[in-house]
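Encoded as structure tokens, the structure appears first; notes follow it.
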Amino acid sequence: MKIGIFIQAYLPKIGGAQLSTHCLANSLIKLGHDVIIFTENSLANDCKEKNWIFDYKLVGIEIPRNFLRKISSRIWKNKISRLLNNAVLEHKLDIIQIVNAWPWLCFEKKNLKFHIPIILRAVGDDIQKNEQLDYGILRNPDIAELIISGYKEITYSIANSKTTEEEYLNIGLPKNRIRVITPGVSNNL
């Protein structure tokens, strides 16, 4: 199976999402799948400049800048949809895995020219919000509107905890489209 993983902030930035995505890609390759990770163009170029070699393909994409979203959310959504379309069609993907909702979940389903499963793994500030802690991108009503419409269009959501599952339910995802998969630890890395 050809799997496209979409993540905005990837290596060489180091964090939980980046490391778990890298490990997920390597595990999928060991199972015989072909994996491509799509991320910010500048980050893919940074990895190339560092001569980092991966078993998966790393593809840079020029994600539209926030000023465009502020000018027109419709144009923003169309650009995200076009990026997904181009990636799926050019690389003949069988499935999309989105890691963190922003910005990839801001697509227009009616503008997608493919019919493959879209799986989301949202954790942290892209699904949770806390006003007291000044935490969560969903506190911005414009971004929340863009993302929540995308949540309703995905095939399945992966929750890393019961708390994340509750957040999915709070935004209206049906329980039968949510799978709880807690992070595992491998000593064989």
Which aspartates and glutamates does LYS57 reach when only Cα atoms under 18 Å apart count, and residues fewer than 8 places away in its own chain are ignored? ASP34, GLU40, ASP46, GLU49, GLU90, ASP94
Heavy atoms only, probe 1.4 Å: what % of the accessible area of the chain goes to carbon and sulfur, would you let me know? 51 percent
Quick one: accessible area per residue over the chain, 1.4 Å probe, rounded to a whole number of Å²? 55 Å²
Dipole axis of the stretch 82-134 (+1 Lys, Arg; -1 Asp, Glu on Cβ), positive-most option in LEU83, LEU112, GLY124: LEU112
Give me, ordered by chain and number, the residues 5 or more places off VAL180 or on other chains with an amide H under 5 Å from its own placed amide H. ALA159
Which entries of LYS77/LYS113; LYS2/LYS77; LYS77/LYS110; LYS152/LYS175; LYS48/LYS92; LYS110/LYS175 have Cα-Cα distances beyond 21 Å here? LYS2/LYS77; LYS48/LYS92; LYS110/LYS175
Restricting to the chain, compute how many DSSP beta bridges are antiparallel as a %, nearest 5. 5 percent
Scanning the chain for GluC sites (Glu not before Pro) in DSSP loops with at most 12 other Cβ atoms within 10 Å, what's the longest stretch left with none? 63-130
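The values are calculated or read from the model by the stated rules, or taken from the named source; none is laboratory data. For clarity, every value in this text was computed on a predicted model and none was experimentally measured. With ideal geometry, Cβ positions are generated from the backbone for all residues, glycine too; neighbour counts draw on all protein chains shown. Ligands, DNA and RNA are excluded from the accessible area calculation, which covers all protein heavy atoms including side chains. Shrake-Rupley method; radii C 1.70, N 1.55, O 1.52, S 1.80 Å.
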